[in-house]
Amino acid sequence: MDQKIKFVMNGASGRMGRQIILNSLEDPTFQLVGALEREGSSLLGEDVGTVLGRGPLGVKFLSDGEEILKNAQVVIDFSSPEATLQLLKIVEKKKIPLVVGTTGFKTEEEKKIHDFSKKFACVKAPNMSVGVNLLFKLVEEAAPLLKDYDIEIIEAHHRLKKDAPSGTAKGILKVLAEALGRDLDGDVVSGRSGMVGERKKNEIGVFAVRAGDIVGDHTILFAGSGERLELIHRAHSREPFAKGALRAAQFVVKAKAGLYDMQDVLGLR
(Lines give C-alpha, C1' and ligand atoms only; values in the text may rest on other atoms or scores of the structure.)
Protein backbone atom coordinates (compact mmCIF):
# COMPACT_ATOMS: atom_id res chain seq x y z
CA MET A 1 0.00 0.00 0.00
CA ASP A 2 1.25 3.48 -0.84
CA GLN A 3 2.00 5.89 1.97
CA LYS A 4 -1.19 7.83 1.22
CA ILE A 5 -4.57 6.13 1.24
CA LYS A 6 -6.16 6.71 -2.16
CA PHE A 7 -9.88 7.30 -1.71
CA VAL A 8 -12.91 8.11 -3.80
CA MET A 9 -15.72 10.27 -2.45
CA ASN A 10 -19.24 9.24 -3.48
CA GLY A 11 -21.70 12.10 -3.14
CA ALA A 12 -18.77 14.45 -3.52
CA SER A 13 -20.71 17.68 -3.97
CA GLY A 14 -23.00 17.16 -0.97
CA ARG A 15 -22.50 18.84 2.39
CA MET A 16 -20.66 15.89 3.89
CA GLY A 17 -18.79 15.04 0.69
CA ARG A 18 -17.35 18.54 0.48
CA GLN A 19 -16.38 18.59 4.16
CA ILE A 20 -14.66 15.20 3.96
CA ILE A 21 -12.69 16.30 0.89
CA LEU A 22 -11.66 19.54 2.61
CA ASN A 23 -10.51 17.64 5.68
CA SER A 24 -8.59 15.14 3.57
CA LEU A 25 -6.62 17.98 1.96
CA GLU A 26 -5.25 18.83 5.42
CA ASP A 27 -4.48 15.19 6.25
CA PRO A 28 -1.21 13.76 4.86
CA THR A 29 -2.65 10.24 5.22
CA PHE A 30 -5.09 10.67 2.33
CA GLN A 31 -5.12 11.37 -1.38
CA LEU A 32 -8.36 12.09 -3.21
CA VAL A 33 -8.33 10.18 -6.50
CA GLY A 34 -11.98 10.43 -7.49
CA ALA A 35 -15.15 12.44 -6.89
CA LEU A 36 -18.35 10.62 -7.84
CA GLU A 37 -21.44 12.66 -8.51
CA ARG A 38 -24.88 11.88 -9.91
CA GLU A 39 -25.57 12.04 -13.62
CA GLY A 40 -26.98 15.40 -14.65
CA SER A 41 -25.11 17.35 -11.97
CA SER A 42 -24.02 20.79 -13.14
CA LEU A 43 -20.60 20.14 -11.55
CA LEU A 44 -19.64 17.21 -13.78
CA GLY A 45 -16.30 17.91 -15.43
CA GLU A 46 -15.39 20.67 -12.97
CA ASP A 47 -12.18 20.44 -10.93
CA VAL A 48 -13.02 19.59 -7.32
CA GLY A 49 -10.39 21.87 -5.82
CA THR A 50 -11.51 24.83 -7.88
CA VAL A 51 -15.15 24.33 -6.86
CA LEU A 52 -14.15 24.14 -3.20
CA GLY A 53 -11.97 27.22 -3.43
CA ARG A 54 -8.67 25.38 -2.92
CA GLY A 55 -7.24 25.69 -6.43
CA PRO A 56 -6.98 22.92 -9.07
CA LEU A 57 -6.44 19.40 -7.73
CA GLY A 58 -6.50 17.55 -11.03
CA VAL A 59 -9.57 15.59 -9.84
CA LYS A 60 -12.89 16.25 -11.54
CA PHE A 61 -16.47 15.53 -10.58
CA LEU A 62 -17.46 12.49 -12.66
CA SER A 63 -20.38 10.05 -12.80
CA ASP A 64 -18.53 7.02 -14.21
CA GLY A 65 -17.79 4.87 -11.17
CA GLU A 66 -16.06 2.14 -13.17
CA GLU A 67 -13.43 4.60 -14.40
CA ILE A 68 -12.94 6.45 -11.13
CA LEU A 69 -12.56 3.42 -8.89
CA LYS A 70 -9.70 1.82 -10.81
CA ASN A 71 -7.10 3.64 -8.65
CA ALA A 72 -8.98 3.61 -5.34
CA GLN A 73 -8.12 1.75 -2.13
CA VAL A 74 -11.31 2.75 -0.32
CA VAL A 75 -14.58 4.54 -1.08
CA ILE A 76 -16.35 6.87 1.33
CA ASP A 77 -20.07 7.14 0.62
CA PHE A 78 -22.36 9.97 1.74
CA SER A 79 -25.01 10.03 -0.95
CA SER A 80 -28.50 8.49 -1.13
CA PRO A 81 -29.72 4.91 -0.68
CA GLU A 82 -30.19 4.57 -4.45
CA ALA A 83 -26.70 5.86 -5.20
CA THR A 84 -25.16 3.64 -2.52
CA LEU A 85 -26.77 0.51 -3.98
CA GLN A 86 -25.48 1.41 -7.45
CA LEU A 87 -22.03 1.91 -5.93
CA LEU A 88 -22.14 -1.50 -4.22
CA LYS A 89 -22.18 -3.28 -7.57
CA ILE A 90 -19.00 -1.52 -8.67
CA VAL A 91 -16.98 -1.75 -5.44
CA GLU A 92 -17.84 -5.44 -5.18
CA LYS A 93 -16.49 -6.01 -8.68
CA LYS A 94 -13.37 -3.95 -7.91
CA LYS A 95 -12.94 -5.58 -4.46
CA ILE A 96 -12.68 -2.24 -2.66
CA PRO A 97 -13.60 -1.69 1.02
CA LEU A 98 -16.34 0.80 1.77
CA VAL A 99 -17.32 3.40 4.36
CA VAL A 100 -21.06 4.13 4.35
CA GLY A 101 -22.43 7.21 6.08
CA THR A 102 -25.63 7.34 4.03
CA THR A 103 -28.87 6.85 5.99
CA GLY A 104 -32.51 6.12 5.17
CA PHE A 105 -32.12 2.54 3.90
CA LYS A 106 -35.05 0.16 3.79
CA THR A 107 -34.74 -3.31 5.31
CA GLU A 108 -34.06 -5.02 1.99
CA GLU A 109 -31.43 -2.40 1.14
CA GLU A 110 -29.69 -2.96 4.47
CA LYS A 111 -29.50 -6.66 3.57
CA LYS A 112 -27.60 -5.89 0.37
CA ILE A 113 -24.97 -4.00 2.36
CA HIS A 114 -24.77 -6.88 4.82
CA ASP A 115 -24.29 -9.34 1.95
CA PHE A 116 -21.47 -7.16 0.56
CA SER A 117 -19.72 -7.21 3.94
CA LYS A 118 -19.53 -11.01 3.88
CA LYS A 119 -16.88 -10.66 1.17
CA PHE A 120 -15.33 -7.25 1.85
CA ALA A 121 -14.78 -4.89 4.77
CA CYS A 122 -17.45 -2.25 5.29
CA VAL A 123 -17.87 0.38 8.00
CA LYS A 124 -21.48 1.55 8.18
CA ALA A 125 -22.57 4.06 10.79
CA PRO A 126 -25.44 6.56 11.03
CA ASN A 127 -23.08 9.07 12.62
CA MET A 128 -19.29 9.04 12.53
CA SER A 129 -18.40 11.68 15.09
CA VAL A 130 -16.45 10.58 18.15
CA GLY A 131 -18.87 12.45 20.44
CA VAL A 132 -21.99 10.77 19.10
CA ASN A 133 -20.45 7.32 19.31
CA LEU A 134 -19.47 7.98 22.90
CA LEU A 135 -23.10 9.05 23.39
CA PHE A 136 -24.21 5.62 22.11
CA LYS A 137 -21.96 4.02 24.73
CA LEU A 138 -23.31 6.23 27.51
CA VAL A 139 -26.89 5.41 26.51
CA GLU A 140 -26.05 1.70 26.56
CA GLU A 141 -24.67 1.99 30.09
CA ALA A 142 -27.39 4.32 31.43
CA ALA A 143 -30.44 2.51 30.07
CA PRO A 144 -30.36 -0.60 32.31
CA LEU A 145 -29.84 1.59 35.38
CA LEU A 146 -32.82 3.77 34.41
CA LYS A 147 -35.03 1.03 33.00
CA ASP A 148 -38.10 2.26 34.92
CA TYR A 149 -37.73 5.84 33.69
CA ASP A 150 -39.65 7.26 30.74
CA ILE A 151 -37.41 7.65 27.68
CA GLU A 152 -37.81 10.23 24.94
CA ILE A 153 -35.54 11.15 22.01
CA ILE A 154 -35.56 14.59 20.41
CA GLU A 155 -33.48 15.18 17.28
CA ALA A 156 -33.10 18.35 15.22
CA HIS A 157 -31.60 18.87 11.76
CA HIS A 158 -31.58 21.40 8.93
CA ARG A 159 -34.69 21.98 6.86
CA LEU A 160 -33.33 20.11 3.81
CA LYS A 161 -32.85 16.74 5.53
CA LYS A 162 -35.06 14.17 3.82
CA ASP A 163 -35.32 11.23 6.25
CA ALA A 164 -36.88 11.19 9.71
CA PRO A 165 -36.14 10.17 12.33
CA SER A 166 -32.45 10.70 11.69
CA GLY A 167 -30.09 7.78 11.25
CA THR A 168 -28.48 8.75 14.55
CA ALA A 169 -31.83 8.67 16.35
CA LYS A 170 -32.46 5.21 14.90
CA GLY A 171 -29.03 4.19 16.13
CA ILE A 172 -29.93 5.39 19.63
CA LEU A 173 -33.21 3.47 19.44
CA LYS A 174 -31.33 0.31 18.49
CA VAL A 175 -29.02 0.72 21.48
CA LEU A 176 -32.00 1.26 23.80
CA ALA A 177 -33.93 -1.70 22.39
CA GLU A 178 -30.98 -4.05 22.87
CA ALA A 179 -30.20 -2.75 26.36
CA LEU A 180 -33.80 -2.90 27.59
CA GLY A 181 -35.36 -5.65 25.51
CA ARG A 182 -37.77 -3.21 23.90
CA ASP A 183 -39.60 -3.77 20.59
CA LEU A 184 -38.59 -1.27 17.89
CA ASP A 185 -41.91 -1.78 16.11
CA GLY A 186 -44.31 -1.93 19.04
CA ASP A 187 -42.76 0.36 21.66
CA VAL A 188 -41.54 3.29 19.56
CA VAL A 189 -43.88 6.26 19.07
CA SER A 190 -42.88 8.84 16.45
CA GLY A 191 -44.49 12.10 17.56
CA ARG A 192 -47.85 12.44 19.26
CA SER A 193 -51.07 14.13 18.20
CA GLY A 194 -54.64 14.13 19.45
CA MET A 195 -56.09 12.14 22.34
CA VAL A 196 -53.30 9.55 22.59
CA GLY A 197 -54.05 8.46 26.15
CA GLU A 198 -51.59 7.93 28.98
CA ARG A 199 -48.02 7.05 28.20
CA LYS A 200 -47.41 3.29 28.04
CA LYS A 201 -44.77 1.82 30.36
CA ASN A 202 -42.34 0.65 27.65
CA GLU A 203 -42.98 3.49 25.24
CA ILE A 204 -40.06 5.39 23.68
CA GLY A 205 -41.02 8.66 22.06
CA VAL A 206 -39.10 10.06 19.08
CA PHE A 207 -39.49 13.60 17.81
CA ALA A 208 -37.90 15.10 14.68
CA VAL A 209 -37.34 18.84 14.32
CA ARG A 210 -36.46 20.25 10.88
CA ALA A 211 -35.49 23.91 10.85
CA GLY A 212 -32.98 26.36 9.42
CA ASP A 213 -29.40 25.13 9.10
CA ILE A 214 -29.16 22.99 12.26
CA VAL A 215 -26.29 20.56 11.71
CA GLY A 216 -27.51 17.95 14.19
CA ASP A 217 -28.76 17.91 17.78
CA HIS A 218 -29.72 14.76 19.70
CA THR A 219 -31.19 14.57 23.21
CA ILE A 220 -32.04 11.40 25.13
CA LEU A 221 -34.33 12.18 28.05
CA PHE A 222 -34.68 9.77 30.98
CA ALA A 223 -37.50 11.06 33.22
CA GLY A 224 -38.38 9.56 36.59
CA SER A 225 -40.35 10.67 39.63
CA GLY A 226 -38.85 13.92 40.87
CA GLU A 227 -35.86 14.01 38.49
CA ARG A 228 -34.70 13.67 34.92
CA LEU A 229 -31.39 12.97 33.19
CA GLU A 230 -30.60 14.30 29.73
CA LEU A 231 -27.77 13.11 27.50
CA ILE A 232 -27.17 15.69 24.76
CA HIS A 233 -24.94 15.94 21.73
CA ARG A 234 -24.86 19.06 19.57
CA ALA A 235 -22.86 19.30 16.37
CA HIS A 236 -21.66 22.83 15.61
CA SER A 237 -20.26 21.89 12.19
CA ARG A 238 -19.84 18.86 9.94
CA GLU A 239 -16.13 18.64 10.64
CA PRO A 240 -16.43 16.02 13.44
CA PHE A 241 -18.36 13.75 11.08
CA ALA A 242 -15.76 14.23 8.34
CA LYS A 243 -12.89 13.43 10.69
CA GLY A 244 -14.73 10.31 11.81
CA ALA A 245 -15.32 9.20 8.23
CA LEU A 246 -11.61 9.51 7.44
CA ARG A 247 -10.78 7.61 10.61
CA ALA A 248 -13.19 4.87 9.48
CA ALA A 249 -11.44 4.76 6.09
CA GLN A 250 -8.08 4.21 7.80
CA PHE A 251 -9.63 1.35 9.76
CA VAL A 252 -11.45 -0.37 6.90
CA VAL A 253 -8.49 -0.57 4.48
CA LYS A 254 -6.75 -2.84 7.00
CA ALA A 255 -9.81 -4.78 8.20
CA LYS A 256 -10.91 -8.28 7.29
CA ALA A 257 -14.26 -8.83 5.56
CA GLY A 258 -17.15 -7.92 7.82
CA LEU A 259 -19.66 -5.25 8.75
CA TYR A 260 -18.26 -2.77 11.26
CA ASP A 261 -19.50 0.42 12.89
CA MET A 262 -17.81 3.34 14.63
CA GLN A 263 -17.78 1.50 17.94
CA ASP A 264 -15.34 -0.92 16.26
CA VAL A 265 -13.33 1.90 14.69
CA LEU A 266 -12.96 3.73 18.00
CA GLY A 267 -12.33 0.59 20.04
CA LEU A 268 -15.41 1.13 22.22
CA ARG A 269 -16.36 -2.55 22.20
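The values are calculated or read from the model by the stated rules, or taken from the named source; none is laboratory data. Remember, predicted model here, so these are calculated numbers, not experimental data. Ideal geometry is used to build each Cβ from the backbone, glycine not excepted, and the neighbour counts take in all protein chains shown. The accessibility values were calculated without ligands, DNA or RNA, using every heavy atom of the protein model including side chains. Shrake-Rupley method; radii C 1.70, N 1.55, O 1.52, S 1.80 Å.
Taking the criterion of being over 15 Å from Asn133 (Cβ atoms) and either among the polar types (S, T, N, Q) or open to solvent by less than 50 Å² (accessible area, probe 1.4 Å) (or both), the residues of segment 248-269 that qualify are Ala249, Gln250, Val252, Val253, Ala255, Gly258. Tell me the residue from Ile172, Ile90, Ile113 that is at negative phi and modelled with pLDDT under 95, please. Ile90 is the lone residue from the list that is at negative phi and modelled with pLDDT under 95.
Test of understanding: among Arg54, Arg15, Arg38, which residue is within 24 Å of Phe116 (Cα to Cα) and open to solvent by 70 Å² or more (accessible area, probe 1.4 Å)?
Details: Arg54 fails: within 24 Å of Phe116 (Cα to Cα); Arg15 fails: within 24 Å of Phe116 (Cα to Cα).
Selected residue: Arg38, the only one of Arg54, Arg15, Arg38 that is within 24 Å of Phe116 (Cα to Cα) and open to solvent by 70 Å² or more (accessible area, probe 1.4 Å).
Only one entry of Lys89, Lys70, Lys4, Lys60 meets the criterion of being over 18 Å from the mean Cα position of the chain (by Cα), open to solvent by 30 Å² or more (accessible area, probe 1.4 Å) and closer than 18 Å to Leu246 by Cα, and that entry is Lys4. Determine the pairs where a residue that is closer than 13 Å to Arg234 by Cα and among the charged types (D, E, K, R), located within segment 155-169, has a partner that is open to solvent by less than 10 Å² (accessible area, probe 1.4 Å) and part of a helix (DSSP H, G or I) with Cβ atoms under 8 Å apart, the partner being 6 or more residues away or on another chain. These pairs meet every condition: Glu155/Thr168; Glu155/Ala169.
Whenever a residue of segment 245-267 is within 23 Å of Arg15 (Cβ to Cβ) and of a type in the set (Lys, Arg), its partners that are open to solvent by 30 Å² or more (accessible area, probe 1.4 Å) and in a loop (DSSP other than H, G, I, E, B), lying with C-beta atoms within less than 8 angstrom and at least six residues away or across chains, give the pairs Arg247/Leu266.
On the given criteria, is Asp77 surrounded by fewer than 23 Cβ atoms within 10 Å (Cβ to Cβ) and not basic (Lys, Arg)?
Details: surrounded by fewer than 23 Cβ atoms within 10 Å (Cβ to Cβ): no; not basic (Lys, Arg): yes.
Considered against the rule, which asks whether it is surrounded by fewer than 23 Cβ atoms within 10 Å (Cβ to Cβ) and not basic (Lys, Arg), Asp77 comes out as no.
Yes or no, residue by residue, for (1) more than 20 Å from the chain's Cα centre (by Cα); (2) at pLDDT 95 or above; (3) over 27 Å from Glu141 (Cα atoms):
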| residue | (1), (2), (3) |
| --- | --- |
| Leu160 | no, no, yes |
| Ala164 | no, no, no |
| Ile204 | yes, yes, no |
| Gly224 | yes, yes, no |
| Leu231 | no, yes, no |
| Arg247 | no, yes, no |
| Ala255 | no, yes, yes |
| Arg269 | no, no, no |
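Going residue by residue through segment 228-247, is there one that turns out to be farther than 29 Å from Met16 by Cβ, of a type outside the set (A, V, I, L, M) and open to solvent by 70 Å² or more (accessible area, probe 1.4 Å)? Yes, segment 228-247 contains a residue that is farther than 29 Å from Met16 by Cβ, of a type outside the set (A, V, I, L, M) and open to solvent by 70 Å² or more (accessible area, probe 1.4 Å).
Of all the criteria given as (1) under 30 Å from Val8 (Cα atoms); (2) assigned to a strand (DSSP E or B); (3) touching a helix residue (DSSP H, G or I) at 6+ places or on another chain (Cβ under 9 Å); (4) open to solvent by 30 Å² or more (accessible area, probe 1.4 Å), the one not satisfied by Asp217 is (3).
For beta carbons closer than 8 Å, sequence separation of 6+ or different chains, a first residue in segment 189-201 that is under 17 Å from Leu176 (Cβ atoms) and a second that is in a strand (DSSP E or B) and open to solvent by 90 Å² or more (accessible area, probe 1.4 Å), there are no qualifying pairs.
Being among the aromatic types (Phe, Trp, Tyr) and under 24 Å from Ile113 (Cα atoms), is that true of even one residue in segment 133-145?
Scanning segment 133-145, I find at least one residue that is among the aromatic types (Phe, Trp, Tyr) and under 24 Å from Ile113 (Cα atoms), so the answer is yes.
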